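Participant: Below: one structure in structure tokens.
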């Protein structure tokens with residue numbers, strides 16, 4: 001009797017152990033970490049803090065099948081990961097669609113170390129874009145929208161935690177609050193200068209005339 005009870009207990013334990021890994025695999029979550037920085041001369045890294053990024057989930061994977069979320073029923077295009085230009089174009093297209101449809105996403109701001117991490121993410125396709133410019137030394141730094149998939153693959157290695165270094169491009173800010181190189185005169189100011197010049201000429205003529213008249217009277 002004891003042997004039967006022992007066998008039943010061991011069988012039950014084996015069943016639990018065999019089910020647990022499957023349940024754990026179904027509940028695995030991923031993350032996307034952004035490292036925001038620029039390189040300034042001699043490969044010196046300048047960390048970009050307080051830069052906002054937005055994340056939107058496009059697809060989900062259930063029992064090995066990847067499907068688009070209901071919000072994207074009108075626009076469903078899977079990316080070609082072998083074409084960088086096509087990826088960027090598609091990311092911008094999703095950005096435009098999401099803004100037009102007012103789809104809600106997740107927002108995060110980089111830390112003083114320039115790091116922002118989206119955590120507890122389901123497996124699937126995501127689009128990320130920068131929603132606040134980074135300003136350094138009167139230069140605006142912007143990155144393009146990005147498509148990211150969880151998991152990513154490095155050969156046969158499956159990665160649930162994706163690391164991204166956004167590529168930032170800079171654009172010089174316009175010069176503001178500085179003294180202009182010269183003052184532009186209005187028509188009224190030019191007219192006033194003409195009147196003053198005429199008055200000065202008249203005073204000069206009258207003065208010369210008076211001086212000549214005085215000399216003439218003395219010699220008469």
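Participant: Below 8 Å between Cα atoms, with a sequence gap of 6+, how large is the relative contact order for the stretch 26-175 in percent?
Facilitator: Working: 287 pairs, mean separation 53.9, N = 150.
Computed value for the stretch 26-175: 36 percent relative contact order.
Participant: For residue 80 and residue 196 in one chain, what is 0.36 nm times their gap in residues minus the Cα-Cα distance, to one decimal in nm? List each step's numbers first, then the result.
Facilitator: Values: separation 116, 0.36 × 116 = 41.76 nm, distance 7.52 nm.
Length gained, residue 80 through residue 196: 34.2 nm.
Participant: Between residue 88 and residue 63, take the C-beta separation as r, use R0 = 30 Å, and let me know the FRET efficiency to the nearest 0.05. Numbers along the way, then the final one.
Facilitator: On the way: r = 31 Å, r/R0 = 1.05.
Computed FRET efficiency for residue 88 and residue 63: 0.45.
Participant: Still on this structure, I have one more. Out of all DSSP beta bridges in the stretch 26-175, what portion is antiparallel? Express it as a percent rounded to 5.
Facilitator: On the way: 37 of 41 bridges.
For the stretch 26-175, the DSSP antiparallel bridge percentage is about 90.
Participant: Enter the Cα centre distance for the pair the stretch 110-162 and the stretch 79-99, rounded to the nearest angstrom.
Facilitator: So the separation of the two Cα centres works out to 15 Å.
Values in this text are rule-based calculations from the coordinates and carry no lab data. As the structure is a prediction and not an experimental result, all values here were calculated from the model. Please note: Cβ atoms are built from the backbone with ideal geometry, for glycine as well, and neighbour counts cover all protein chains shown.
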